[in-house]
Amino acid sequence: MKHESRDQNKHFRGKSPMGLGRTPVGLEEALGQSEQFLVFQEKLSRVAPIDRPVLLIGERGTGKELAASRLHFLSNRWQGPLVALNCSALTPSLIESELFGYEKGAFTGADRRRAGRFETADKGTLFLDEIGSIPMEVQEKILRVVEYGTFEPVGSSRSIEVDVRIIAATNADLTALAAKDRFKRDLLDRLSFEALILPPLREREGDILFLSNHFAGRMALELGRTEAPRFDKEAIKALEGHSWPGNVRELKNVVERAVYRSDSSLITNIAFDLFESSYEESALPKKTLSRTVSGGQSLEDLWDKPLKEAIRELRVRLLRRRLKETKYNQRKAAQLLGLTYDQFRGLYRKFRDTLE
């Protein structure tokens, strides 16, 4: 992939085999103003010009593909191809031929020679997403490419030389997998000249609202609306109180859905769970809601309240009760409620004013 000027690094719009038929995402979506985000970008910019493999570690939706794109375009290989493969999207039997290509007649259906991702990425960058899902036998061939710069296509004894920088990404604990002999320790050492950990959205203080306004504005523009969207206080509390397990990808979906569903520029309703059914909740038998919270306050008074208000009040009462029982030890309270600590923190931030 060639570009006329390096200024185009800001907008990655060229056609490239990013993943399996996916269109590359614009680098302008890698936005943030929090200290955690800026520190990560500084580390990324520092290692980008160093022609060595980089390992990106992060939860789903944190922007590992965007980080890989930025690493490529800030490197000396920026005029070369950026090729990607989502390793978890392929069966183990297909990964080898996708990476290394195959010769005509190598297997049933191989009616012509096909170049693999390594050959296509020559003089450029190869991004291997979800590298932890690659079978051990294929890891051995990748290690050979990293060490010697050569490989043999499937069904061939002919060696092909390539000059490729590898950027790998994972949300798995590769060290733990290596300890269980499910990932080659030598390959892990070779791929991690530097390991960059992408901060989850819940740790990026101030970025939730910043990104929400960005995604809302873009969605409004796409819908042809002339007035910029804005969130009311309750919507802002909901956004900032959510734990965002799907990170920026989840935030983008939630915000865009809220904008298109709203009849005005003021966003008042935020729906986190697209599949949540209020009918199922309202159909609960009365005797279920007539119980007390841990033997304390009765829930009978919730019957006369609207559904959302009743659920909110129940959550507040349960949080308050468990915090009191654990002497405000939030980790213990989370365990009693059957929540992860991050889920508990999201609820606590949401209802903090009521709890204190």
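The values are calculated or read from the model by the stated rules, or taken from the named source; none is laboratory data. Only a predicted model underlies this, so the values are computations on that prediction, with no experimental measurement involved. Cβ: placed from backbone, ideal geometry, glycine included. Neighbour counts: every protein chain shown.
Look through Arg185, Arg257, Arg230 and report the one residue that is among the basic types (Lys, Arg) and either touching a strand residue (DSSP E or B) at 6+ places or on another chain (Cβ under 7 Å) or on the phi > 0 side of the Ramachandran plot (or both).
Arg230
Looking at the range 146-157, which of its residues are without any contact (Cβ under 8 Å) to a residue 12 or more places away in the chain and outside any helix (DSSP H, G or I)?
Ser157
Exactly one of these conditions fails for Glu140: (1) more than 26 Å from the chain's Cα centre (by Cα); (2) over 15 Å from Arg182 (Cα atoms). Give me its number.
The one condition Glu140 does not meet is (2).
So Ala89 fits all but one of (1) closer than 15 Å to Pro53 by Cβ; (2) under 23 Å from the mean Cα position of the chain (by Cα); (3) surrounded by fewer than 22 Cβ atoms within 10 Å (Cβ to Cβ); what number is the exception?
Answer for Ala89: the failing condition is (1).
Hey, among Ala172, Ala195, which residue is within 20 Å of Leu99 (Cβ to Cβ), among the small types (Gly, Ala, Ser), touching a residue at least 24 places away in the same chain (Cβ under 8 Å) and in the same structural domain as Lys104 (by TED's automatic domain parsing)?
Ala172
Let me confirm something: among Thr108, Thr175, Thr125, which residue is surrounded by fewer than 14 Cβ atoms within 10 Å (Cβ to Cβ), more than 17 Å from the chain's Cα centre (by Cα), more than 30 Å from Gln343 (Cα to Cα) and among the β-branched types (Val, Ile, Thr)? Outline the logic, then answer.
On the way: Thr175 fails: more than 30 Å from Gln343 (Cα to Cα); Thr125 fails: surrounded by fewer than 14 Cβ atoms within 10 Å (Cβ to Cβ).
Result: Thr108 is the single residue among Thr108, Thr175, Thr125 that is surrounded by fewer than 14 Cβ atoms within 10 Å (Cβ to Cβ), more than 17 Å from the chain's Cα centre (by Cα), more than 30 Å from Gln343 (Cα to Cα) and among the β-branched types (Val, Ile, Thr).
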